């Protein structure tokens, strides 16, 4: 097992880079799990608003007080440049100007040009405050049209707009499963990207080192056969990938105490099979001995490419049919397909999940065969690729 031992000596030097990906993924997963909740309380958003009352009447002051009840009032100098700077640097979200003649026009039912504002185009605060002011003035006009005096109309409008209703945000999981919630399914959903990134950083770089010309020629001249050498490379790669996978499963137990119950077992096996696929991809890529910068590029292209095409980062229901047609030829698609079945995002079927397993295993087997073929062609022996020069020896 000399090759196996040599791999682990090299792995120790590369381990910190992979741990960075793994630790970040675990921390984000723990935070997301702790914040996950079935029910959440709706709370109205408060804006930072500055008000310039140029009318200075009881009617305008009453509007200012109503706005102050639901938002934070910011004092800013009434200067255009100062206001724009405040909006740009987020010291204020909205600047409202109550124009002179506001009260007179409101009594007459004319709401044109009674307000001016400074705001960022198409921002949330612009739409939010515009809708509020429209509701306020329309309510006042409605009460005035009923024959109410202005004071009573303003009072009724304030009472109507101040009504609060308790709202709870309920999420309806599609089918759901007692032991494999949608929240926990997200933990497995993003695992392919982390597996690819962490495994490629370690396994590929270690294998590229092991495939260096001087080391390979020395190995070919030793008593270790090419098949044993390749077998130990696969074994070492598989051992590291298994260690990373076991770490993720241990964290999964912390996030979901019922991980090893019911359908969650399907997700466990699904992630194990995909880990084997990732290991096979890493060994195959390393057989071409890419340089470090090329290897980093391949890692990002594979990690992000598979994630975006196959539904890791983007829900598959918003991907086009053409994208999904291409994704069917990638192993991550079948991993996500199985994960969504297990979480009841799409109808669950044990036969369908097993079919996804078999397709992923097919990808792994094909990659292993291609790796053996590539290694046989590229590394058939030191003597084949070494020029031997014959020299005469004088006696």
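The residue of segment 374-385 that is modelled with the highest pLDDT, among those that are surrounded by 12 or more Cβ atoms within 10 Å (Cβ to Cβ) and in a loop (DSSP other than H, G, I, E, B), is 379. Only residues that are within 33 Å of the chain's Cα centre (by Cα) and either surrounded by fewer than 15 Cβ atoms within 10 Å (Cβ to Cβ) or under 20 Å from residue 160 (Cα atoms) (or both) were counted across segment 98-130, and they come to 8. If the condition is being more than 43 Å from the chain's Cα centre (by Cα) and more than 16 Å from residue 135 (Cα to Cα), then segment 60-77 contributes only 61.
Residue check: is residue 85 more than 18 Å from residue 157 (Cα to Cα) and in a helix (DSSP H, G or I)? Working first, answer last.
On the way: more than 18 Å from residue 157 (Cα to Cα): yes; in a helix (DSSP H, G or I): yes.
Considered against the rule, which asks whether it is more than 18 Å from residue 157 (Cα to Cα) and in a helix (DSSP H, G or I), residue 85 comes out as yes.
Looking for whichever is outside any helix (DSSP H, G or I) and assigned by TED's automatic domain parsing to the domain that holds residue 57 here; the options are 103, 112, 142. Which one fits?
Numbers: 103 fails: outside any helix (DSSP H, G or I); 142 fails: outside any helix (DSSP H, G or I).
The match here is 112.
The values are calculated or read from the model by the stated rules, or taken from the named source; none is laboratory data. Note that the structure is a prediction, hence the values are computed from the model and not measured. With ideal geometry, Cβ positions are generated from the backbone for all residues, glycine too; neighbour counts draw on all protein chains shown.
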